[in-house]
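Chemist: Sharing a structure below in structure tokens format, with a few things to ask.
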Ligand SMILES: [Zn+2]
């Protein structure tokens, strides 16, 4: 199952999204920080789904592949990209809220 990861430093009370290159030490004080994992929600999956659709249509555009959809393809392409951004925003705020609830106090 996919998870949204955060790192939390109990020392600095700092919660931030975990990056793929980050190994878990606090960026600010260098102390060992906790990894908080929030299960991804339907919004996260919708984000992936719309991103995939967006990427497919963008690559059709670049490769000049005819989809037979006419101008509709542009609506689908931009619609999918916008939807992916919106769901990504919803998912991030939701996951952040849950992570804050888990750790308690965040400055
Ligand atoms: Zn710290």
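Read-outs: derived from the displayed coordinates by stated rules, not from any lab. Computed from a prediction, not measured in an experiment: that's the story for all the values here. Methodologically, a virtual Cβ is constructed for each residue, glycine included, from the backbone with ideal geometry; neighbour enumeration extends over all protein chains shown.
Chemist: Running a GNM on the chain with Cα contacts under 10 Å, which residue among 57, 43, 75 ends up with the highest mean-square fluctuation?
Modeler: Comparing 57, 43, 75 in the GNM, the peak value goes to 75.
Chemist: Still on this model: Sort 48, 23 so that the residue with the fewest other Cβ atoms within 10 Å of its own Cβ comes first and the one with the most comes last.
Modeler: Fewest-to-most Cβ neighbours within 10 Å comes out as 23, 48.
Chemist: Over the Cα atoms of the stretch 3-103, each weighted equally, I'd like the Debye log10 I(q)/I(0) at q = 0.14, 0.21, 0.22 Å⁻¹, rounded to two decimals.
Modeler: -0.64, -0.96, -1.02
Chemist: Further, regarding this structure: Arrange the following residues from fewest to most other Cβ atoms within 10 Å of their Cβ: 19, 33.
Modeler: 19, 33
Chemist: Give me 96, 67 ranked fewest to most by other Cβ atoms within 10 Å of their Cβ, as a rough exposure proxy.
Modeler: 67, 96
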